[in-house]
Amino acid sequence: MTPRGTGLTIDCAATADVIVRALRREVERVGFSKVTLGLSGGLDSAVVASLAARAFGPENVIPICMPYVKSNPESLTHGKLVAVSLGMQPRVEDITRQIDLYFESHPDANRARRGNKMARERMTILYDCSMAEGALVLGTSNKTELLLGYSTIFGDSAAALMPIGDLYKTQVFALAESLGLPREIREKVPSADLWEGQSDEAELGFLYADVDALLLELVDRRQRPQALHDIGFEPGFVEQIRARLRQQQYKRKMPVVIKLSSRTVDKDFLYPRDWSG
Amino acid sequence: MVSKIALIQCDPRLGDLENNFEMHRLKIAEAVAEGADLIVFPELSLTGYLLQDMVPDVSMAADDPRLCALAEAAGGAALCVGGIEESRRHAQYIACFYFEGGNLRHVHRKVYLASYGVFDEARYVGRGDHIRAIDSTVGRLGLTICEDTWHPSAINILLLDGAELIVVQTASPVRELREGGLPQNAQTWRDTLRSYARLYGVYIVFVNRVGTEDGLVYWGQSTILGPHGECVVEAPLYDEAVVYGEVDRERVRQARLTNPVLRDERIDFTIRELRRIQNGEDQE
């Protein structure tokens, strides 16, 4: 039994307002007026698309659906549904040919390798769109994913800006409802859809509601493990998540640079991202 | 004596001195035209906040001619602007430059640097070593910069030094945006400042910036709180604004007659007890 429901409630209107303001500022600062994002048909990308539409107007958001032949057909249907409901024209870039061509030479690749390759292929399409259209790439990762490292490094984790990166998955659900996103999107089972039948919660081995409650205590409130056991979190679950937080740290950092000179990038050559803006 | 204060809730461009000086000139002209007696900009209004290694690139001596020109533009109005001061020993400080009649009257160097959470000031700047109230055209004035204000000892010193009005410059970003729509830290600021104002019978002029830097969203809501804890004026959340409010020294007198906390302060006792704590002596 996992304790739930304390401290994860957000004020959706205020949250959306702050994100929309920050989105405008961060995008305009670097000289862009348009954004692009991958529209998977899932909840996170739908929420980011909706916030982007508010910030820039739907005509300045380029949503791209990037199906693979074995993707669940529902993903494309839902991606298009989201785009149309927000007044956007969805683009469709089928990634089957290039993925299959590559794996012809690597027929033994397991589904994780294939899934990662697809995520990185989608990233290259978004960055190509960025250059072609002058549109900044928005990431759709949420805080739960970022903390658990539940992403493909340099794949779906690659973006210029992560509008919902400080919201837990359960908070994204709440935001989706307040943004009026279609019920089909809000009520479907979360999935990266990298292989048939994939489900986030089945693959992770726990429910978002449970892990969000735990992450809130561990990360935001800096609770010690013993205190978490005392309030009802199962010790094995606490240890599993603590280990995962450490193991996945590399996905949250820029590559390590070996220091040799007097000032080294990312170590003692420290400037904000907005230095360039 | 009643004075009109202009609170400049602005959005400085990070590291862009030229742009920010121009913004200051425009805002000062606007406030002067409105008849302001004191014009207050937020923390690091000339440079932006999240400077990191840009600090030495945007630092300036307190007698920098660009600062003097701003002061002259303010004419008869007093002026508080925020920037990075470089000392003669080439150390940098987060500073509030205070001008009157076109002349530099006081520089307050931030005494308590914020170096926790998203803040890392102590890595980049030195900490100030003085805090004092000064006589000004709007009454006896104390200046604090953001984190200074979270230390009641600093506020207490200014009040014992005679401050009737405390100007607080801040660059405070959203933290814990929760139910109710107001960031948790904004609520804490509001409660803390109101307590100071009401407890000591002092005006608090709080000027916070807006805009974003690297995903930090500054929340604004600059305000003047009166000596009974009342809100004299309040700027909106998140949006740029120039708001004006009046401060009346007579109200300070009234508040202190009602609640003579400062009259009854015991400086000798405070110093003696602090000295004992400093020396690690046991309680009796």
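Brief remarks on what is shown
- Filter result for the condition that a residue is surrounded by 21 or more Cβ atoms within 10 Å (Cβ to Cβ) and in contact with a Leu (Cβ under 6 Å, 6 or more places away or on another chain), over A:L194, A:L214, A:L138: A:L138
- Among residues of segment B:190-210 being part of a helix (DSSP H, G or I) and of a type in the set (K, R), the one that is nearest to the other protein chains (Cβ to nearest Cβ) is B:R190.
- Screening the candidates A:A83, A:A119 for the property of being at pLDDT 95 or above, assigned by TED's automatic domain parsing to the domain that holds A:T152, within 12 Å of A:L194 (Cα to Cα) and in a helix (DSSP H, G or I) yields one hit, A:A119.
Yes or no, residue by residue, for (1) closer than 30 Å to B:M23 by Cα; (2) without any contact (Cβ under 8 Å) to a residue 24 or more places away in the chain:
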{"site": "B:E176", "(1), (2)": "no, yes"}
{"site": "B:D191", "(1), (2)": "no, yes"}
{"site": "B:Y196", "(1), (2)": "no, no"}
{"site": "B:G215", "(1), (2)": "yes, yes"}
{"site": "B:H228", "(1), (2)": "no, no"}
{"site": "B:V233", "(1), (2)": "yes, no"}
{"site": "B:R249", "(1), (2)": "no, no"}
{"site": "B:T258", "(1), (2)": "no, no"}
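- Taken across segment A:65-86, residues that are within 12 Å of another protein chain (Cβ to nearest Cβ), in contact (Cβ under 8 Å) with a residue 24 or more places away in the chain and surrounded by fewer than 22 Cβ atoms within 10 Å (Cβ to Cβ) do not occur at all.
- Residue in segment B:211-221 that is under 17 Å from B:I5 (Cα atoms) and part of a strand (DSSP E or B) present: yes
- Checking the stated criteria, A:L146 turns out to be under 20 Å from A:G115 (Cα atoms), touching a residue at least 12 places away in the same chain (Cβ under 8 Å), in the same structural domain as A:V48 (by TED's automatic domain parsing) and not in a loop (DSSP other than H, G, I, E, B).
- Filtered residues of segment A:246-256 (kept if surrounded by fewer than 16 Cβ atoms within 10 Å (Cβ to Cβ) and assigned to a helix (DSSP H, G or I)): A:R246, A:Q247, A:Q249, A:Y250, A:R252
- Test: residue in segment A:30-49 that is modelled with pLDDT under 95, within 14 Å of chain B (Cβ to nearest Cβ) and surrounded by fewer than 18 Cβ atoms within 10 Å (Cβ to Cβ): yes
- Residue match in segment B:229-245 (condition: more than 14 Å from chain A (Cβ to nearest Cβ), among the hydrophobic types (A, V, I, L, M, F, W, C) and in a helix (DSSP H, G or I)): no
- Looking only at segment A:260-277, and only at residues there that are among the aliphatic types (A, V, I, L, M) and under 27 Å from the mean Cα position of the chain (by Cα), the one that is nearest to the other protein chains (Cβ to nearest Cβ): A:L270
- In segment B:27-44, the count of residues that are within 14 Å of another protein chain (Cβ to nearest Cβ) and surrounded by 17 or more Cβ atoms within 10 Å (Cβ to Cβ) is one or more.
- Taking first residues from segment B:119-132 that are touching a residue at least 12 places away in the same chain (Cβ under 8 Å) and partners that are in a loop (DSSP other than H, G, I, E, B) and among the acidic types (D, E), the Cβ contacts under 8 Å between residues at least 6 apart in sequence or on separate chains come to B:R132/B:D161.
- Which numbered condition A:Q171 fails, given (1) assigned to a loop (DSSP other than H, G, I, E, B); (2) polar (S, T, N, Q); (3) under 26 Å from A:V47 (Cα atoms): (1)
- Condition met for A:I19 (buried (at least 18 other Cβ atoms within 10 Å of the Cβ), within 14 Å of chain B (Cβ to nearest Cβ) and under 30 Å from A:G232 (Cβ atoms)): no
- Single residue of segment B:8-55 satisfying the filter (of a type in the set (V, I, T) and closer than 16 Å to B:A71 by Cα) that is farthest from the chain's Cα centre (by Cα): B:V32
- Qualifying residue in segment B:13-21 (condition: in contact (Cβ under 8 Å) with a residue 60 or more places away in the chain and crowded, with 20+ Cβ neighbours inside 10 Å): yes
- Within segment A:34-81, the set of residues being touching a Leu at 6+ places or on another chain (Cβ under 6 Å) and of a type in the set (V, I, T) comprises A:V35, A:T36, A:V47, A:V48.
- Taking the criterion of being more than 17 Å from A:Q171 (Cβ to Cβ), aliphatic (A, V, I, L, M) and not in a helix (DSSP H, G or I), the residues of segment A:7-59 that qualify are A:V30, A:V35, A:L37, A:L39.
- Positions within segment B:144-189 being within 14 Å of another protein chain (Cβ to nearest Cβ), under 17 Å from the mean Cα position of the chain (by Cα) and not in a helix (DSSP H, G or I), in sequence order: B:A171, B:S172, B:P173
- Failed item in (1) modelled with pLDDT under 95; (2) touching a strand residue (DSSP E or B) at 6+ places or on another chain (Cβ under 9 Å); (3) within 14 Å of chain B (Cβ to nearest Cβ), with A:Q89 passing the rest: (3)
The values are calculated or read from the model by the stated rules, or taken from the named source; none is laboratory data. Everything numeric here is computed off the predicted structure, so don't read it as measured data. Because the Cβ atoms are built from the backbone with ideal geometry, glycine has one as well, and the counts that use them run over all protein chains shown.
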